[in-house]
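Enquirer: Before we start, here is the structure in question, set down as structure tokens.
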Amino acid sequence: MGTVPPHRYKHSDIPEGMPPVSLSDEERARQQRWTPLRVTIWILISAVAGLGWWMLAIRRGETVNGIWFVFAAVGSYFIGYRFYAKYIQDKLVHSDDSRATPAEYDYNGRDFVPTDRRILYGHHFAAIAGAGPLVGPVLSAQMGYLPSTIWIIVGVILAGAVQDYLVLVISMRRGGRSLGQLAKDELGRFGGIAALIATLTIMLIIVAILAMVVVNSLAASSWGVWSVGLTIPIALLMGFYLRYLRPGKVLEVSIIGIVLLVLAIASGAWIENTAVASALHLSKPFLAWAIIIYGFIAAVLPVWMLLAPRDYLSTFMKVGVIAMLAVSIVIVRPIIHVPAMTVYATTGAGPVFSGKLFPFLFVTIACGALSGFHATISSGTTPKLIEKESQARLIGYRGMLMESFVAIMALVAALSVDRGIYFAMNSPAGATGNTVQSAVAYVNSLGLSGVHADANALTTTAKLVGETSIVSRTGGAPTLAVGLATIMHKIFGGEAMMSFWYHFAIMFEALFILTSVDAGTRVARFMLSDALGNFWPRLQDHSWKIGSWLTTAIMVAGWGSILLMGVTDPLGGINTLFPLFGIANQLLAAVALSICLVVFARAGHKWRLLIIFVPMLFTAIITVYGSWLKIFSPDPKIGYWANHMTYKRAIAAGQASLGQAKNIDQMHTVVGNTAIQGTMSIIFVVCTLIVMIVACSRTVQALRGRNIIDTEDPAKASTIFAPSGLMPTKAERDLQAEWDAFYEKHPDLDLESVHKDKEHA
């Protein structure tokens, strides 16, 4: 039972004269044939990657040039996508474009819509690449550059991209079912219930942290609020333009969207000098409520109206900015003064977050290397939109590689910031005192070699980026924005343009994270609907508006309450909650990989299961160990319950303040927050361990030839064509021309026309 062959279908119901729905096997083989030119190109790519790794990991001095990060990352990604992902596609997945996807056979014009692969790539990438690849690498910079770099690049190739790709394939062949429902189908009632509880609760913390990063980046920033706010009507315009005014004109709407986005950013500078600025100078609680309301509305709107066009738009922004940043790094070649590994990697007493390199580096950097949240997108929205099975490699695997590159660029940007400024920005307000003078005193008291904070440097940097203060601007996004502005102004505009580049970065970061918030809410709604649908079947009908609104409201209320808890946390919400976010994220990845293991074991695979089992085992070890420390560690800086009891005893002893809590109300807030955080940690790890134990049992049974079930939906023949890659080959362009001519003769066979006829009937 090794390789499982793909299905083949008889097209008896296909209209006469319809072109092929995919390229022939012979044509695909011809396209992949090795030539001297291709061999030479891959030798050069390998040499670039090898040189980058040599300079980063082996030949090191007191400093390192930022250019080597780009070389190591890009070269490794090309190799991973061409060889490892292709091996998985050919030997494990067996993609079959003659088979219809749920977007085709369940088309409803709302949630199930065959979407152009370029737009879907943008939507998927935007949905997965939220706060994680921006925040995690920035925070981990306190441990040095080398451990983070290795985990981001190697982790994504062997773990993160594999998970995203395989979950997308599994869900796509099962009607686009959510991760929780997949778990129930594959693991049975007991394991399924544990997985549903784990995924739903984990989703709450994930979406809440994503929203918190937006709040922290936009608080007291009228420029940022104005620019980000304008992206909503811009996205709505794009959605209606592409659906009703100029269908299929992707290039046109892209140009319009980009121009409007640039105007939105540039107009923010004018707003700063008007009376409107004070009205947009919003507090964290107000912004939190605004995002809660927005999250509900965005999640219930049709995907084509706001979510897909804005994701596509923001992808242009993020990919464009990251590519521009990469080119700028190659040109500017910033010198990184951060050591390969700092003392905080071994002591675990870092001011940004507490904990040693193992396991906390691997949970701090989740998105960008391996993220369970991505599995909810790959099983929630994307499989309902993908046109052809062969596109899954592009969207699932390559989309994750792009996110990893975002993480690497975020890391380089953070490393390029003066270390004194870095620690002043990322330490919580309770430690820095939230003033320039007290922040300087705090950073200098750390006693780090080569690190010196200067009041003038903090004040000048804040002025250059157009902010009143940059002290304790936690969350990662502001630090990334400062780093980007520091690099970009050396090529474009000089110091006078630093404020533009800073707010440009804030805007695209917030825009991207917001897409993850509403996409995450939409996915959580699907998951809750699937779960409750076992008791109330009507809820499994995602087209039922009342059910959609009800489940959306429940999930928004859940993550919204955690968001409000975080923005009022005296300990700095992002500093205390992000480790929980990382652990929850990786535990969810362990759940997703466990499901993949069972599915492909039942499909007849044996040794190739190591592709799934190895990252699953590694993830399980680091996250269970991390959960153990967060629950049982006696160090209040690490353990939630230890911190809980410390503040509880202080209140009982009559203390009016303790640590970063400056009054009794704040102390009570810490007691309540840590109790919630500790309880959630216990729920996460218990449910995940149940899922993994059941999954391993089911896998062993399958390897022994027992309890083998097929949960795939019945295969249906496809009647549409779409290219596989981002750029169509000549053969695909020729076949697309045949389809265009066919639709001119048979406009009634267009998928949307067929759907409208069915609705009318």
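The values are calculated or read from the model by the stated rules, or taken from the named source; none is laboratory data. Since we're looking at a predicted model, the values are computed, not measured. Virtual Cβ from ideal backbone geometry, glycine too; neighbours counted across all protein chains shown.
Enquirer: Output the number of residues of the range 174-204 satisfying the condition of being crowded, with 24+ Cβ neighbours inside 10 Å, of a type outside the set (Ser, Thr, Tyr) and under 18 Å from the mean Cα position of the chain (by Cα).
Expert: 3
Enquirer: Would a scan of the range 524-535 turn up a residue that is under 25 Å from Val207 (Cα atoms), in a helix (DSSP H, G or I) and basic (Lys, Arg)? Outline the logic, then answer.
Expert: In the first step, residues of the range 524-535 are kept if they are under 25 Å from Val207 (Cα atoms); the result is 524-534.
Next cut, in a helix (DSSP H, G or I) only: 524-532.
Next, from what is left, pick out any that are basic (Lys, Arg): 525.
So far as the range 524-535 goes, yes, one or more of its residues are under 25 Å from Val207 (Cα atoms), in a helix (DSSP H, G or I) and basic (Lys, Arg).
Enquirer: Before we move on, is Ser499 at pLDDT 75 or above and among the polar types (S, T, N, Q)?
Expert: Yes: the conditions hold for Ser499.
Enquirer: Only residues that are polar (S, T, N, Q) and either within 20 Å of Gly66 (Cβ to Cβ) or in a loop (DSSP other than H, G, I, E, B) (or both): list them for the range 449-499, please.
Expert: Across the range 449-499, the qualifying residues are Ser449, Thr461, Thr468, Ser469, Ser472, Thr474, Thr479, Thr486.
Enquirer: Pairs under 9 Å by beta carbon, first residue surrounded by 18 or more Cβ atoms within 10 Å (Cβ to Cβ) in the range 227-239, partner polar (S, T, N, Q), six or more apart or different chains?
Expert: Short answer, once both residue conditions are applied: Ser227/Ser267; Val228/Ser217; Leu230/Ser267; Thr231/Ser314; Ala235/Ser314; Met238/Ser254.
Enquirer: For the range 205-262, what are the residues that are under 24 Å from the mean Cα position of the chain (by Cα) and polar (S, T, N, Q)?
Expert: Residues satisfying the conditions are Asn216, Ser217, Ser227, Thr231, Ser254.
Enquirer: Assuming Gly61 fulfils every condition listed in (1) surrounded by 15 or more Cβ atoms within 10 Å (Cβ to Cβ); (2) modelled with pLDDT under 95; (3) within 29 Å of Val332 (Cβ to Cβ) apart from one, which condition is it?
Expert: With respect to (1) surrounded by 15 or more Cβ atoms within 10 Å (Cβ to Cβ); (2) modelled with pLDDT under 95; (3) within 29 Å of Val332 (Cβ to Cβ), Gly61 is out only on (1).
Enquirer: Here is a follow-up. Going by the conditions given, is Ala457 in contact with an Asp or Glu (Cβ under 8 Å, 6 or more places away or on another chain), among the hydrophobic types (A, V, I, L, M, F, W, C) and touching a residue at least 12 places away in the same chain (Cβ under 8 Å)?
Expert: yes
Enquirer: Count, please, the residues in the range 78-113 that happen to be in contact with a Phe, Trp or Tyr (Cβ under 7 Å, 6 or more places away or on another chain), within 20 Å of Arg243 (Cα to Cα) and surrounded by 22 or more Cβ atoms within 10 Å (Cβ to Cβ).
Expert: Number of matching residues: 2.
Enquirer: Just the residues that are exposed (fewer than 15 other Cβ atoms within 10 Å of the Cβ) and either in contact with a Leu (Cβ under 9 Å, 6 or more places away or on another chain) or part of a helix (DSSP H, G or I) (or both), please, taken from the range 28-41.
Expert: Those that are exposed (fewer than 15 other Cβ atoms within 10 Å of the Cβ) and either in contact with a Leu (Cβ under 9 Å, 6 or more places away or on another chain) or part of a helix (DSSP H, G or I) (or both): Ala29, Arg30, Gln31, Pro36, Leu37, Arg38, Val39, Thr40, Ile41.
Enquirer: Only one of these is touching a residue at least 12 places away in the same chain (Cβ under 8 Å) and touching an Asp or Glu at 6+ places or on another chain (Cβ under 9 Å): Val74, Val21. Name it. Spell out how you get there, then give the answer.
Expert: On the way: Val74 fails: touching an Asp or Glu at 6+ places or on another chain (Cβ under 9 Å).
Residue meeting the stated conditions: Val21.
Enquirer: Go through Lys463, Lys490 for me and flag whichever is in contact with a helix residue (DSSP H, G or I) (Cβ under 7 Å, 6 or more places away or on another chain), modelled with pLDDT of 85 or more and charged (D, E, K, R).
Expert: Every option except Lys490 fails the conditions.
Enquirer: Please find, within the range 622-663, the residue that is farthest from the chain's Cα centre (by Cα) out of those that are among the hydroxyl-bearing types (Ser, Thr, Tyr) and within 23 Å of Gly372 (Cα to Cα).
Expert: The selected residue is Tyr640.
Enquirer: Please work out which residue is surrounded by the most Cβ atoms within 10 Å (Cβ to Cβ), limiting yourself to the range 242-274 and to residues that are among the hydroxyl-bearing types (Ser, Thr, Tyr) and free of Cβ contacts under 8 Å to residues at least 40 places away in the same chain. Steps first, answer last, please.
Expert: Let us first name the residues in the range 242-274 that are among the hydroxyl-bearing types (Ser, Thr, Tyr), namely 244, 254, 267, 274.
Next, from what is left, pick out any that are free of Cβ contacts under 8 Å to residues at least 40 places away in the same chain: 244, 274.
Values: Tyr244: 8, Thr274: 11.
In this case the residue turns out to be Thr274.
Enquirer: Exactly one condition in (1) within 26 Å of the chain's Cα centre (by Cα); (2) over 25 Å from Glu62 (Cα atoms); (3) of a type in the set (A, V, I, L, M, F, W, C) is false for Leu480; which is it?
Expert: (2)
Enquirer: Please enumerate the residues belonging to the range 434-466 that are under 32 Å from the mean Cα position of the chain (by Cα) and surrounded by fewer than 16 Cβ atoms within 10 Å (Cβ to Cβ).
Expert: The answer is Asn434, Lys463.
Enquirer: Here's something else I'd like to know. I'd like to verify a number: residues in the range 416-448 that are part of a helix (DSSP H, G or I), under 18 Å from Val465 (Cα atoms) and touching a residue at least 60 places away in the same chain (Cβ under 8 Å), how many?
Expert: Summing the residues that are part of a helix (DSSP H, G or I), under 18 Å from Val465 (Cα atoms) and touching a residue at least 60 places away in the same chain (Cβ under 8 Å) in the range 416-448 gives 6.
Residue-by-condition table, conditions (1) out of contact with any Lys or Arg (no Cβ under 8 Å at 6 or more places or on another chain); (2) modelled with pLDDT of 95 or more; (3) of a type outside the set (A, V, I, L, M):
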| site | (1), (2), (3) |
| --- | --- |
| Ile14 | yes, no, no |
| Leu23 | yes, no, no |
| Glu27 | yes, no, yes |
| Leu37 | yes, no, no |
| Trp53 | yes, yes, yes |
| Phe71 | yes, yes, yes |
| Ser76 | yes, yes, yes |
| Ile79 | yes, yes, no |
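Enquirer: If you don't mind, there's one more thing I want to ask. How many of the residues in the range 232-254 are aromatic (Phe, Trp, Tyr) and touching a Phe, Trp or Tyr at 6+ places or on another chain (Cβ under 8 Å)?
Expert: Selection size over the range 232-254: 0.
Enquirer: Taking the condition among the hydrophobic types (A, V, I, L, M, F, W, C), out of contact with any strand residue (DSSP E or B) (no Cβ under 9 Å at 6 or more places or on another chain), closer than 26 Å to Asp97 by Cβ and part of a helix (DSSP H, G or I), does Ala47 pass?
Expert: So Ala47 does not fit the description; no.
Enquirer: Of the residues Leu588, Leu593, Leu597, Leu617, only one is without any contact (Cβ under 8 Å) to a residue 40 or more places away in the chain, within 30 Å of Leu92 (Cβ to Cβ) and either of a type outside the set (Phe, Trp, Tyr) or touching a Gly at 6+ places or on another chain (Cβ under 9 Å) (or both); which?
Expert: Just one listed residue meets the conditions, Leu617.
Enquirer: Among what's in the range 275-285 and is surrounded by 13 or more Cβ atoms within 10 Å (Cβ to Cβ) and assigned to a helix (DSSP H, G or I), pick the residue that is farthest from the chain's Cα centre (by Cα).
Expert: Here the answer is Val276.
Enquirer: Another question, then. Here are some conditions: (1) more than 16 Å from the chain's Cα centre (by Cα); (2) under 21 Å from Ala722 (Cα atoms); (3) in a helix (DSSP H, G or I). Gln142 meets all but one. Which one does it not meet?
Expert: Only one criterion is unmet by Gln142, namely (2).
Enquirer: Name the single residue that is surrounded by the fewest Cβ atoms within 10 Å (Cβ to Cβ) among those in the range 664-680 being within 20 Å of Pro428 (Cβ to Cβ) and under 25 Å from the mean Cα position of the chain (by Cα).
Expert: Kept after step one, since they are within 20 Å of Pro428 (Cβ to Cβ), are these residues of the range 664-680: 664-678.
Imposing the further condition that a residue be under 25 Å from the mean Cα position of the chain (by Cα) reduces the set to 676-678.
Working: Ile676: 16, Gln677: 24, Gly678: 20.
Here the residue is Ile676.
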